[in-house]
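Since the structure comes first, as structure tokens, the remarks are kept for the end.
Since every read-out is calculated from the coordinates, none of them should be taken as a lab result. What you see is a predicted model, and the numbers here were worked out from it, not measured in a lab. Virtual Cβ from ideal backbone geometry, glycine too; neighbours counted across all protein chains shown.
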Amino acid sequence: MKKYTSKINKIRTFALSLIFIGFVIMYGAIFFRENQALVIIFMVLGLICIIGSTAVYAWIGLLSTRAVQVVCPNCGKHTKVLGRVDMCMYCNEPLTLDPTLIGKEFDQRYNTKKNR
Ligand SMILES: [Zn+2]
């Protein structure tokens, strides 16, 4: 079976890696000290990554307000469900908001509009 993680966690990991990529690109500018144009390009690229990550973080905040908060039946913690099916943020227990999907095997595809 494929491994799924909570959507919010996935986006959060993406935003975090974007920050690191931004810093690595900016750090890369040091190697092109002689070429001022390249330094500027690297700095701008790094800055774009960091700004992008900030935007993604803002997007997570927006998504979180739309997500439904539920108590995970497996670990008892409060977690957020995004879409029809999602995973618990703490123990990766599959959760659904749709009663017709209870007992069915977890499938990320239930979130696409085609299956509605
Ligand atoms: Zn859980």
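So here's what we get for this one:
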item: Extension gain from Phe20 to Ile40, taking 0.36 nm per residue of separation minus the Cα-Cα distance; result: 5.4 nm
item: Ordering of 48-61, 27-40 by packing [mean C-beta count within 10 Å, highest first]; result: 48-61, 27-40
item: Degrees between helix 7-28 axis and first principal axis of the chain (Cα, 0 to 90, nearest 10); result: 10 degrees
item: Dimensionless Rg over Rh [the chain; C-alpha; Kirkwood]; result: 1.17
item: Listed residues Thr13, Thr96, Thr79, most fluctuating in the chain (Gaussian network, C-alpha, under 10 Å); result: Thr13
item: Potential lengthening between Ile102 and Thr65 on full extension [0.36 nm per residue; Cα-Cα distance subtracted]; result: 10.9 nm
item: Using alpha-carbon coordinates, inclination of helix 36-66 to the longest axis of the chain, degrees; result: 20 degrees
item: Relative contact order (percent, whole number), the chain, Cα cutoff 8 Å, 6+ residue spacing; result: 23 percent
